[in-house]
1. Considering only the range 327-335, I want to know if a residue exists there that is surrounded by fewer than 18 Cβ atoms within 10 Å (Cβ to Cβ), assigned to a strand (DSSP E or B) and either assigned by the TED database to the domain that holds residue 264 or modelled with pLDDT under 95 (or both).
2. Of the conditions (1) buried (at least 21 other Cβ atoms within 10 Å of the Cβ); (2) of a type in the set (Phe, Trp, Tyr); (3) within 17 Å of residue 224 (Cα to Cα), residue 345 clears all except one; give me its number.
3. Could you tell me whether any residue of the range 178-200 is assigned to a helix (DSSP H, G or I) and open to solvent by 30 Å² or more (accessible area, probe 1.4 Å)?
4. Applying the selection to the range 189-214, what residues are acidic (Asp, Glu) and either under 16 Å from residue 281 (Cα atoms) or at pLDDT below 95 (or both)?
5. Of the numbered conditions (1) of a type in the set (Asp, Glu); (2) closer than 27 Å to residue 197 by Cα; (3) open to solvent by 30 Å² or more (accessible area, probe 1.4 Å), residue 145 fails exactly one; give the number of that condition.
6. Please identify the pairs in which a residue from the range 259-273 that is in a loop (DSSP other than H, G, I, E, B) and of a type in the set (D, E, K, R) has its Cβ atom under 7 Å from the Cβ atom of a residue that is at pLDDT below 95 and open to solvent by 20 Å² or more (accessible area, probe 1.4 Å), counting only partners at least 6 apart or on another chain.
Amino acid sequence: MGRRKGNNTTQTSTSSSNKFEGTKIRFQDPDDEEAATDSSNLDDSIVAVDKATEDVSMGEPDVSFVDCDGDDDKTSADYYFDSYSHFGIHEEMLKDVVRTKTYQNVIYQNKFLFQNKIVLDVGAGTGILSLFCAKAGAAHVYAVECSHMADMAKQIVETNGLSDVVTVLKGKIEEIELPVANVDIIISEWMGYFLLFENMLNTVLYARDKWLVNDGIVLPDKASLYLTAIEDAEYKDDKIEFWNNVYGFDMSCIKKQAMMEPLVDTVDQNQIVTNCHLLKTMDISKMAPGDASFTAPFKLVAQRDDYIHAFVAYFDVSFTKCHKLMGFSTGPRSRATHWKQTVLYLEDVLTICEGEAIIGSMTVAPNKKNPRDVDIMVKYSLSGRRCVISKVQLYKMR
């Protein structure tokens, strides 16, 4: 999983020198008598195409599979918990105002949910969510953290005089025993890059099934994954085409592996060429662990003439049990978060005209060898005036 170098989390253009930015491209056919009218920008709200995506034959796709597993025995699980022992990752998350302030507002503005309730904080980190819950009137909060940060969380709780309300438990949710038989609320910030990277969702579901009372609440309780398509010539050239000529040497054999590695970065909304399509909504209070593996169809309709170099995935989370609906988006049209967006580069540059559609499907599943990694398969086809293609590409987030 790559990241663009030198990029911060502020919502600034990642392609300020992009030759296409601010320019409306028009692919003129010889028999065109007049140009199409300007297409409007995407609405700031999320645009979800009808889930009943038309069944378009994918034909015989040009499949470009590369062995996803390779010979590397190192797994994300090997360093996952250790990584959360370092202060830097917690500083980044705490300074993500969209993330942390949303949780604070959900808790403080809905104290009626927490007063006199038993709360379980799954993956508590520094314990910030547990502290919020304690201040909101929770009867008791059990903060479970597997990394060495649990030791710091205990000190933080003591320093803030909340030891009588917050109990920090060090260990894996799947291995610990709570001092109580049930909890009223489970709260967690479990989302990873691409929503599902690191596979912490299954830990939350395990806790839900073991300890949550029948009418209990999971916060957040809804998460949705979206897909769109962008023009990204500059950064694709920097990341992928770079290998064609490295100080005069051909290293293009690395390109296929580089293409399989999704890029985590902030995408400029001006790069968006198509609508945004809802791939999957998960109800955390009801879903089964296996529901995080899925295949979803998509239809991305071009809103202008342009080139497409990549698909972009992002997610929203919602807290629907609040007095009023609350949540946040990690999309390119929203304020930037530390999750940024996930960029999936295409092997071929697609030339698309306004109104034409990319039809396809995305399959998402935990890697069989390393379950905290995510395997992604995208099938897509375009039958346009300037481009006809049918393809399958594999990606692996690790």
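1. Taking the range 327-335 first, the residues surrounded by fewer than 18 Cβ atoms within 10 Å (Cβ to Cβ) are 327, 334-335.
With the extra rule that they be assigned to a strand (DSSP E or B), the set shrinks to 327.
Now narrow it down to the ones that are either assigned by the TED database to the domain that holds residue 264 or modelled with pLDDT under 95 (or both): 327.
Yes, the conditions are met somewhere in the range 327-335.
2. It fails just one condition, (3).
3. As a first pass, look at the range 178-200 and keep what is assigned to a helix (DSSP H, G or I): none.
There is no residue in the range 178-200 that is assigned to a helix (DSSP H, G or I) and open to solvent by 30 Å² or more (accessible area, probe 1.4 Å).
4. Narrowing the range 189-214 to residues acidic (Asp, Glu): 189, 198, 209.
198, the sole residue that qualifies.
5. Residue 145 satisfies every listed condition except (3).
6. Close Cβ pairs satisfying both conditions: 261/1; 268/13.
Condition check ((1) farther than 30 Å from residue 91 by Cβ; (2) among the acidic types (Asp, Glu); (3) buried (at least 18 other Cβ atoms within 10 Å of the Cβ); (4) modelled with pLDDT of 95 or more) across all residues:
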position	(1), (2), (3), (4)
319	no, no, yes, yes
337	no, no, yes, yes
357	yes, no, yes, yes
376	no, no, yes, yes
386	yes, no, no, yes
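The values are calculated or read from the model by the stated rules, or taken from the named source; none is laboratory data. Fair warning: this is a prediction, and the values are worked out from it, not measured in the lab. Here the Cβ is made from the backbone with ideal geometry for all residues, glycine too, and neighbour counts use every protein chain on show. Quick note on the areas: whole protein, heavy atoms, side chains included, nothing else; ligands and nucleic acids left out. Shrake-Rupley method; radii C 1.70, N 1.55, O 1.52, S 1.80 Å.
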